[in-house]
Amino acid sequence: MEPGNIYGLLGRNGAGKTTLLKLMAGLRYPCKGSALVAGHNPASRRYEVMVDVCFIPEEIHVPALTMAQYRRLYGALYPKFSEKLYDTLIKEFELTSEKRLTEFSLGQKKKFLLAFGMSTGSSILILDEPTNGLDIPAKKQFRRLMANVVDEDRLVLISTHQVRDMETLIDPIIILDEGRVVFNEPLHEVYNKLYFGRENEVPKGDDLLWSQEVLGGYETVRENLTGAESTMDLETLFVAVTQSSKAMERIFSKGGRQ
């Protein structure tokens with residue numbers, strides 16, 4: 001993974017997504033092999049590594065502090081923490097309460113932690129299901145704000161099941177299946193090499209990679225041999241990759257990154 005991108009990490013329940021995120025954040029240790037983040041072993045939990053990684057988990061646990069107290073206490077751990085950005089994000093998320101965080105609703109807690117995480121200045125920001133608990137307006141705010149805080153020096157990794165919430169934000173796409181990365185491609189490569197369609201007849205042909213019967217016809221994914229344009233659906237891509245991983249690997253290995 002390279003900085004300057006918002007990666008989307010997709011996978012079935014139990015595929016290993018949260019385990020991978022916790023390995024990257026130094027919260028779990030590999031049973032075998034090694035995990036390196038920016039050339040360092042996060043399991044060492046060395047200060048210079050930890051200050052450059054921020055992990056916001058799906059399950060939220062907050063201390064009985066106000067937002068201001070939390071910012072002073074934990075913001076001090078991040079040398080590049082931006083007070084200006086923090087104030088902007090808190091205002092954008094309409095968080096003005098002086099109550100303790102433990103008294104916040106789930107959505108308020110999530111918005112606060114997302115605002116804090118984006119403000120840390122960490123080079124690696126890891127988010128596990130960031131839109132869970134957010135209402136529709138807050139989801140739109142999150143997508144807009146996240147797109148604005150990513151620069152060429154920052155890498156964001158978002159693990160999600162809510163692919164429709166993230167379709168306009170994540171690129172490249174990483175798909176994890178049974179503990180193995182089976183897909184890691186930028187969207188322009190997906191469009192270059194795959195054609196997403198809907199057909200009335202039973203699909204056939206050597207270029208057919210995946211198909212599924214739906215109401216009124218068939219959803220198909222074919223090898224894009226002509227450079228034709230199509231509209232991609234992330235849910236369709238995910239199902240096609242996990243059900244036809246060998247075929248996808250063959251297509252994307254043709255002059256690709258895998």
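Details
- Net charge of the neighbourhood of residue 246, taken over other residues with C-beta under 13 Å away and scored Lys/Arg +1, Asp/Glu -1, is 0.
- FRET efficiency, 1/(1 + (r/R0)^6) with R0 51 Å, evaluated for residue 253 and residue 72 via beta carbons: 0.50
- Residue 105-residue 232 FRET efficiency (beta carbon distance; Förster radius 30 Å; 0.05 resolution): 0.30
- For the stretch 133-183, applying the loop criterion from DSSP together with a ceiling of 13 other beta carbons within 10 Å to the GluC sites (Glu not before Pro) yields 152, 178.
- Relative contact order (%) - criterion: Cα under 8 Å, at least six apart; region: the stretch 6-179: 38 percent
- The stretch 95-170: C-alpha gyration tensor shape, a/c 1.5 cut-off, then a/b vs b/c: oblate
- For the pair residue 151 and residue 1 in one chain, pulling the backbone fully straight at 0.36 nm per residue adds 52.6 nm over the alpha carbon distance.
- Potential extension, residue 201-residue 13 segment - 0.36 nm per residue separation minus Cα distance: 64.4 nm
- Among the listed pairs 17/254; 17/84; 17/110; 109/140, those with a Cα-Cα distance over 24 Å are 17/254; 17/84.
- Karplus 3J(HN,Hα) series, Hz, for the stretch 29-45 with 6.51 cos²θ - 1.76 cosθ + 1.60 (x for Gly, Pro): 10, x, 5, 8, x, 8, 10, 10, 10, 6, x, 10, 8, x, 5, 5, 6
- Once each of the trypsin sites (Lys or Arg not before Pro) sitting in a DSSP loop with at most 13 other beta-carbon atoms within 10 Å is removed, the chain keeps 100-203 as its longest stretch.
Rule-based calculations on the coordinates, nothing more; no lab input. Since we're looking at a predicted model, the values are computed, not measured. Heads up, the Cβs are rebuilt from the backbone with ideal geometry, glycines too, and the neighbour counts pull from every protein chain shown.
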